[in-house]
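**Q** Structure provided below as structure tokens; questions to follow.
The values are calculated or read from the model by the stated rules, or taken from the named source; none is laboratory data. As the structure is a prediction and not an experimental result, all values here were calculated from the model. Note that each Cβ is placed from the backbone with ideal geometry, even for glycine, and that neighbours are counted across all protein chains shown.
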Amino acid sequence: MKIVLIGDQKVGENQPVYVVAEIGINHNGNLEKAKHLIDAAKFAGCNAVKFQKRTPALCVPTAEKDKMRDTPWGYISYLDYRKKVEFGLEEYQEIDRYCRKLGIAWFASCWDKPSIDFMKQFSPICYKVPSAMLTDAGLLAHFRKTGRPIILSTGMSTMKQIKSAVKLLSTKNLILAHCTSTYPCPPEELNLRMIQTLGKTFDCPIGYSGHEVGLPTSVAAAAIGACYIERHITLDRAMWGSDQAASVEPAGFARLVKYIRAVETALGDGIKKVYDSEYPVMRRLRIR
């Protein structure tokens, strides 16, 4: 059976869908906004919240570092912008404390080796490999050395690249998350049947990381077998930031979790039976 233990929860076949609210950088570098987003995820019934951790000097491509852009902090370079939205030790210590207080798990996507090492001090329940880093063999090896469960997003990747990454990581304690890395992603590019294709190809649980607008397609992902569902959460889709438009606001996230749980219940066990509630109808309507 394809099962991975994330914290104290089993994720995989015949288990409840593990729902993650991706806060990412939707806090725009503001700790109080981050805490409000954690509150919203907890209220919605999410299993965990996720952040993103980078070392900007390492992660920003050289050609992009000095490009100027308009931001809430003024007209600054892209590198300076990345530094503005990056949380450090003090912020993550407070996030760790706050999540423990609320009773919700948290972890992070790590974009470089120092970020993986930085997260070790918080004993994360798992690590997330962002789609952009799927082809970085050295980084994948560093992830695997942690000994923690790993979630690997597969956006902007070919099947050959995915197979190479899985070979490096091994399927032990691995969850693959189908993903299309477009923000927001049009429905015709979601290709949800890839969830089933990945499930037939790899001996590990398969999830879904969505960047679309709306809820139905993420619910559909759960219906066709995704055991892990991740969507970006925001306080307001009109807020400044590259991920806000592809995110779900708090009320919508609560509906998303409700719909996923309803689908889980409705799927049943696949064994045909006559339910007690059917007998009165049967006696009334069947002649023989």
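**Q** Hey, does region 227-239 have a residue that's touching a strand residue (DSSP E or B) at 6+ places or on another chain (Cβ under 6 Å) and part of a helix (DSSP H, G or I)?
**A** Scanning region 227-239, I find no residue that is touching a strand residue (DSSP E or B) at 6+ places or on another chain (Cβ under 6 Å) and part of a helix (DSSP H, G or I), so the answer is no.
**Q** Just give me the residues in region 114-134 being outside any strand (DSSP E or B) and crowded, with 17+ Cβ neighbours inside 10 Å, in sequence order.
**A** The answer is Ser115, Ile116, Phe118, Met119, Pro124, Ile125, Cys126, Pro130, Ser131, Met133, Leu134.
**Q** Filter region 12-48 down to the residues that are among the aliphatic types (A, V, I, L, M) and within 23 Å of Leu139 (Cβ to Cβ) and list them by number.
**A** Hits for region 12-48 are Val20, Ile23, Ile25, Ala48.
**Q** I need the full set of residues from region 103-113 which are surrounded by 16 or more Cβ atoms within 10 Å (Cβ to Cβ) and not in a strand (DSSP E or B), in order please.
**A** Ile104, Trp111, Asp112, Lys113
**Q** Would you say Phe43 is among the aromatic types (Phe, Trp, Tyr), in contact with a Pro (Cβ under 9 Å, 6 or more places away or on another chain) and over 28 Å from Asp117 (Cβ atoms)?
**A** Against the criterion (among the aromatic types (Phe, Trp, Tyr), in contact with a Pro (Cβ under 9 Å, 6 or more places away or on another chain) and over 28 Å from Asp117 (Cβ atoms)), Phe43 qualifies.
**Q** How many residues, within region 185-221, are of a type outside the set (Phe, Trp, Tyr) and assigned to a strand (DSSP E or B)?
**A** 6
**Q** Please return the ranges of helices (runs of 4 or more DSSP H) entirely within region 1-87 where 1 or more residues are of a type in the set (Ser, Thr, Tyr). Spell out the reasoning first.
**A** Working: elements: 31-44, 56-59, 62-65, 78-84.
Here the list reads 62-65, 78-84.
Yes/no per residue for (1) of a type in the set (Lys, Arg); (2) assigned to a loop (DSSP other than H, G, I, E, B); (3) within 17 Å of the chain's Cα centre (by Cα):
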{"position": "Ala251", "(1), (2), (3)": "no, no, no"}
{"position": "Ala254", "(1), (2), (3)": "no, no, yes"}
{"position": "Val257", "(1), (2), (3)": "no, no, yes"}
{"position": "Ile260", "(1), (2), (3)": "no, no, yes"}
{"position": "Glu264", "(1), (2), (3)": "no, no, no"}
{"position": "Asp269", "(1), (2), (3)": "no, yes, no"}
{"position": "Glu278", "(1), (2), (3)": "no, no, no"}
{"position": "Arg283", "(1), (2), (3)": "yes, no, no"}
{"position": "Ile287", "(1), (2), (3)": "no, yes, no"}
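**Q** Does any residue in region 171-185 that is in contact (Cβ under 8 Å) with a residue 40 or more places away in the chain come within less than 9 Å, Cβ to Cβ, of a residue that is basic (Lys, Arg) and part of a loop (DSSP other than H, G, I, E, B) six or more places away or on a different chain, and which pairs are these?
**A** Cβ pairs passing all conditions: Asn173/Arg148.
**Q** Glu32 passes all but one of (1) exposed (fewer than 15 other Cβ atoms within 10 Å of the Cβ); (2) over 29 Å from Arg255 (Cα atoms); which number fails?
**A** (2)
**Q** What about Ala44, is it surrounded by 21 or more Cβ atoms within 10 Å (Cβ to Cβ), of a type in the set (Gly, Ala, Ser) and either closer than 24 Å to Lys258 by Cα or at pLDDT 95 or above (or both)?
**A** Here the answer is no, as Ala44 does not meet what is asked.
**Q** Further question on the same structure: Somewhere in region 24-36, is a residue within 30 Å of Lys172 (Cβ to Cβ), of a type outside the set (Gly, Ala, Ser) and in contact with a helix residue (DSSP H, G or I) (Cβ under 8 Å, 6 or more places away or on another chain)?
**A** no
**Q** Still on this structure, please answer the following. Among the listed residues Ser170, Ser164, Ser181, which satisfies the condition of being in contact with a Lys or Arg (Cβ under 9 Å, 6 or more places away or on another chain) and not aliphatic (A, V, I, L, M)?
**A** On inspection, the qualifying residue turns out to be Ser170.
**Q** For region 240-249, give me each residue that is closer than 29 Å to Leu174 by Cβ, assigned to a loop (DSSP other than H, G, I, E, B) and not acidic (Asp, Glu). If you could, list the steps in order and put the result at the bottom.
**A** Narrowing region 240-249 to residues closer than 29 Å to Leu174 by Cβ: 242-243, 246-248.
Remaining after also requiring assigned to a loop (DSSP other than H, G, I, E, B): 242-243, 247.
Across region 240-249, the qualifying residues are Ser242, Ser247.
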